[in-house]
Amino acid sequence: MQEIKHVYIAKSCLFVNGQLVLKGENSIFVKYLKEVYKYADIKYSKYFKMDPLSKLGFLAAEVLLKDKKCSESAERNGIVLENKVSTYLVDMKHQITINDKENYFPSPANFVYTLPNVMTGEICIRHGFKGENAVFVNNEFDAKFVCQYIKSMYTADKADMLIGGFVDADEDDYEAFVFFTKKEDAEHIDAKLIEELYQKSKALATQ
């Protein structure tokens, strides 16, 4: 059976297919992301304008898509993610700017990131995807839901390549799990296997 490429980022660790490829020197979320950015050898100035959630999803997708060939038709490439707290970090940042009526200074730069599908939008812009772009808010990663959604897209012949996964960040923790799928390998997209890959990656990060 063909291996499903997957990437996991959490607790200052980056795993690719269950193998630790970058152990961070910094436990602070945004500082660790800088280490991942350097590791991935990216040159993309727009990255520095993104909110932390978008940076996390963006970097996970960058590592996932390295050496992977997407469909030549942009409309056939897409992404389906789940997320627990939506855009909590930037929401709180934006709220602070509008709490005080006497000192009202909302920032368009923050406001634009107060929707979780902006994160997937950043990934789509970077890689030229014009197909499915969806984020579903759930209490935890639901492999069955994501896999069913992806397989339904393939069955309906609406995509050739889709990224699936879970990307989430709040004040206390962050986590990104993404996996690569193609229509031709749809029969191997198994929710139980994806759940196992996710749980294994999660366990490795806590060791």
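The values are calculated or read from the model by the stated rules, or taken from the named source; none is laboratory data. The model shown is predicted, which means the values in this text are computed figures rather than measured ones. As a convention, Cβ positions derive from the backbone with ideal geometry for all residues, glycine included, and neighbour counts pool all protein chains shown. Side chains are part of the model used for accessible areas, which takes the heavy atoms of the whole protein and leaves out ligands, DNA and RNA. Shrake-Rupley method; radii C 1.70, N 1.55, O 1.52, S 1.80 Å.
Before moving on, here are some points about what is shown:
- Every condition in (1) over 20 Å from residue 76 (Cβ atoms); (2) assigned to a loop (DSSP other than H, G, I, E, B); (3) touching a helix residue (DSSP H, G or I) at 6+ places or on another chain (Cβ under 9 Å) is met by residue 139 except one, and the failing one is (3).
- Complete set of residues in region 129-156 that are closer than 15 Å to residue 188 by Cα and surrounded by 16 or more Cβ atoms within 10 Å (Cβ to Cβ): 143, 146, 147, 149, 150, 151, 153, 154
- Given (1) surrounded by 13 or more Cβ atoms within 10 Å (Cβ to Cβ); (2) aromatic (Phe, Trp, Tyr); (3) within 19 Å of residue 119 (Cα to Cα), number of the condition residue 48 does not satisfy: (1)
- Residues in region 99-128 that are outside any loop (DSSP other than H, G, I, E, B) and either among the hydroxyl-bearing types (Ser, Thr, Tyr) or open to solvent by 70 Å² or more (accessible area, probe 1.4 Å) (or both): 99, 101, 102, 103, 108, 111, 117, 120, 125, 126.
- Filtering 117, 99, 133 for residues that are among the polar types (S, T, N, Q) and in contact (Cβ under 8 Å) with a residue 40 or more places away in the chain leaves a single hit, 133.
- With respect to the conditions (1) among the acidic types (Asp, Glu); (2) surrounded by fewer than 17 Cβ atoms within 10 Å (Cβ to Cβ); (3) touching a residue at least 60 places away in the same chain (Cβ under 8 Å); (4) farther than 23 Å from residue 67 by Cβ, residue 168 falls short on a single one, namely (2).
- Scope region 1-38; condition more than 27 Å from residue 189 (Cβ to Cβ), aromatic (Phe, Trp, Tyr) and either at pLDDT 95 or above or open to solvent by less than 10 Å² (accessible area, probe 1.4 Å) (or both); matching residues: 32, 37
- Selected residue [among the aliphatic types (A, V, I, L, M) and within 21 Å of residue 133 (Cβ to Cβ)] from 162, 197: 162
- Of the residues examined, residue 53 is not one that is within 20 Å of residue 125 (Cβ to Cβ), without any contact (Cβ under 8 Å) to a residue 40 or more places away in the chain and crowded, with 18+ Cβ neighbours inside 10 Å.
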